[in-house]
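Peer 1: Take a look at the following structure, please.
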Amino acid sequence: MKVDAPTRQKHEELKEEVRLMVLHSSSLPLLQRLGLIDAIQRLGVSYHFEAEISHVLHQIHGNYDHCVGSCSNDLHTTALLFRLLRDEGFFISPGNTPSHMSLAW
């Protein structure tokens, strides 16, 4: 499928806009950063931003103890953090979740 030059240019501009959103997401609350990455992945366009997503997840992993503490009352944020870090290849033990969220079966 051929794409004309203006459409290709707009596509590149939008990709750059999303790339900058991901890179500058460090000022956002944790849930918004994770939600942005999750949305990009669910849209199926994360292959365009693999390096940027990896960079953000490495930053989050570097502050993992703080991140877990900041989302200790929010199961959604904890689950999203756990899934995204595991998908990125980090070993995150299920035992690292806040104690009141541990499920006893």
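Peer 1: How many residues does the range 22-55 contain that are in contact (Cβ under 8 Å) with a residue 40 or more places away in the chain and either farther than 19 Å from residue 78 by Cα or hydrophobic (A, V, I, L, M, F, W, C) (or both)?
Peer 2: Residues in the range 22-55 being in contact (Cβ under 8 Å) with a residue 40 or more places away in the chain and either farther than 19 Å from residue 78 by Cα or hydrophobic (A, V, I, L, M, F, W, C) (or both): 4 in total.
Peer 1: Can I ask one more? Determine whether residue 81 is more than 17 Å from residue 15 (Cβ to Cβ), in contact with a Cys (Cβ under 8 Å, 6 or more places away or on another chain), in a helix (DSSP H, G or I) and modelled with pLDDT of 85 or more.
Peer 2: yes
Peer 1: Could you grab the pairs with beta carbons closer than 8 Å, sequence gap of 6+ or different chains, first residue in the range 87-100 and on the phi < 0 side of the Ramachandran plot and part of a helix (DSSP H, G or I), second one among the hydroxyl-bearing types (Ser, Thr, Tyr) and at pLDDT 50 or above?
Peer 2: 96/64; 100/72
The values are calculated or read from the model by the stated rules, or taken from the named source; none is laboratory data. This one's a predicted model, so the numbers in the text were calculated from it and none came from an experiment. No Cβ is skipped: glycine too gets one built from the backbone with ideal geometry, and neighbour counts run over all protein chains shown.
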